[in-house]
Amino acid sequence: MRALIIRQLLTIAATVILGGFLCAIFVRVAPGFDVDMQQLDGRLSAQAVEALRAKRQSSRNIVAFYGQYMRNALHGNFGKSLVSDHSVRQLIAERLPATIQVAGGGLALAWLIAFSLAMAVAVLRSRAADMFAMSAASLFLALPAAVIGLACVFADAPPLLAIAAIVSARLFPYVRSVLTRTGNMPHVLAARARGAGELRILFMHVLPVAAQPLLAIIGISVAVALGADIPVEALCGIPGIGQLAWQAALGRDLPVIVTLTVLVTIITVTLNSACDVAAEAVRGQHA
């Protein structure tokens, strides 16, 4: 177990460093990086335009920029936004509560919906109910996140419902598959043959075995929720991390984009590693 934890910590560190560096490269080589939209303002003087250009000069050498960025990040300094000239750390701290409320609430609701539907299908063992749930999930899976976000805007519905719809559509097929596969295992069939009720079978024989594969997708579901949060916040006008990422992408705001990429990578990889460790612990108990 100790070796697994050490390996996971090394994986987290390597993934975060490499992910941030690749993000910096992609932003740097993107068309229009050297052009600031503020430079198009005809009211600016030549000196002001030159100052805007000089502000981006430090990012020309991406290796030097990233090396300096990582050194400063170790001391809690993530630089300043190229667009707003505010501290990146301050921008994230101000917007984080809104994102936790929307993305976190939507993620929790998505798990509740997906798990409830999957358990209902497993208990009812009805083909009609299964087809209806899969059709609904397929419909939301086919719709772009922006379309679902716009639907929430037009319906004046809470934005977390959009996150819940997007994430649950991806969770339900997997959760259903795990519960169905576990429900057909020999020990479950034997319990059903002895006359055990479906609810007892579900909670006593299916869920304990299904816990390990379900743990594996917690980190993935968080990544999906954070990805869906960007268009939802941008369309719904929510001043959260997603809206900040959208604005930073439009403005080629390298310090903000890299910091958000590193933050999302840390959250996703850490959760995946924690789930791997938890799954290994569960496997050890059943061994």
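The values are calculated or read from the model by the stated rules, or taken from the named source; none is laboratory data. Since we're looking at a predicted model, the values are computed, not measured. Positions of Cβ are backbone-derived with ideal geometry, glycine not excepted, and every protein chain shown enters the neighbour counts.
Going residue by residue through the stretch 133-141, is there one that turns out to be in the same structural domain as residue 199 (by TED's automatic domain parsing) and more than 19 Å from residue 170 (Cβ to Cβ)?
Checking the stretch 133-141: not a single residue is in the same structural domain as residue 199 (by TED's automatic domain parsing) and more than 19 Å from residue 170 (Cβ to Cβ).
With respect to residue 109, determine if the residue is under 20 Å from the mean Cα position of the chain (by Cα) and surrounded by fewer than 19 Cβ atoms within 10 Å (Cβ to Cβ).
When the stated conditions are applied, residue 109 passes them.
Report yes if some residue within the stretch 109-127 is among the charged types (D, E, K, R), under 11 Å from residue 240 (Cβ atoms) and assigned to a helix (DSSP H, G or I); otherwise report no.
Scanning the stretch 109-127, I find no residue that is among the charged types (D, E, K, R), under 11 Å from residue 240 (Cβ atoms) and assigned to a helix (DSSP H, G or I), so the answer is no.
Taking the stretch 60-79 only, how many residues are of a type in the set (D, E, K, R) and in a loop (DSSP other than H, G, I, E, B)?
Summing the residues that are of a type in the set (D, E, K, R) and in a loop (DSSP other than H, G, I, E, B) in the stretch 60-79 gives 1.
Does the stretch 152-159 contain at least one residue that is in the same structural domain as residue 208 (by TED's automatic domain parsing), on the phi < 0 side of the Ramachandran plot and aromatic (Phe, Trp, Tyr)?
Looking only at the stretch 152-159, we keep the residues that are in the same structural domain as residue 208 (by TED's automatic domain parsing), and these are 152-159.
When the remaining residues are screened for being on the phi < 0 side of the Ramachandran plot, the result is 152-155, 157-159.
Narrowing the set further to residues that are aromatic (Phe, Trp, Tyr) leaves 154.
Yes, the stretch 152-159 contains a residue that is in the same structural domain as residue 208 (by TED's automatic domain parsing), on the phi < 0 side of the Ramachandran plot and aromatic (Phe, Trp, Tyr).
Rundown of residues vs (1) modelled with pLDDT of 90 or more; (2) farther than 21 Å from residue 227 by Cβ, yes/no style:
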| site | (1), (2) |
| --- | --- |
| 86 | no, yes |
| 103 | yes, no |
| 152 | no, no |
| 170 | yes, no |
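Only residues that are in contact with a Cys (Cβ under 7 Å, 6 or more places away or on another chain) and under 23 Å from residue 133 (Cα atoms): list them for the stretch 169-220, please.
Those that are in contact with a Cys (Cβ under 7 Å, 6 or more places away or on another chain) and under 23 Å from residue 133 (Cα atoms): 215, 216, 218.
Based on this model, can you work out whether residue 211 counts as part of a helix (DSSP H, G or I) and either polar (S, T, N, Q) or under 29 Å from the mean Cα position of the chain (by Cα) (or both)?
In short, yes.
Can you tell me which of 167, 147 is under 27 Å from residue 211 (Cα atoms) and either touching a His at 6+ places or on another chain (Cβ under 9 Å) or in a helix (DSSP H, G or I) (or both)?
The conditions single out 167.
Exactly one condition in (1) modelled with pLDDT of 90 or more; (2) in contact with a Ser or Thr (Cβ under 6 Å, 6 or more places away or on another chain) is not met by residue 210; state its number.
(1)
Condition first: free of Cβ contacts under 8 Å to residues at least 60 places away in the same chain, under 14 Å from the mean Cα position of the chain (by Cα) and not assigned by TED's automatic domain parsing to the domain that holds residue 67. Now tell me which residues in the stretch 231-271 satisfy that.
245
Considering only residues of the stretch 58-75 that are of a type in the set (Gly, Ala, Ser) and in contact with a helix residue (DSSP H, G or I) (Cβ under 7 Å, 6 or more places away or on another chain), which is surrounded by the most Cβ atoms within 10 Å (Cβ to Cβ)?
Filtering first and then ranking leaves 59.
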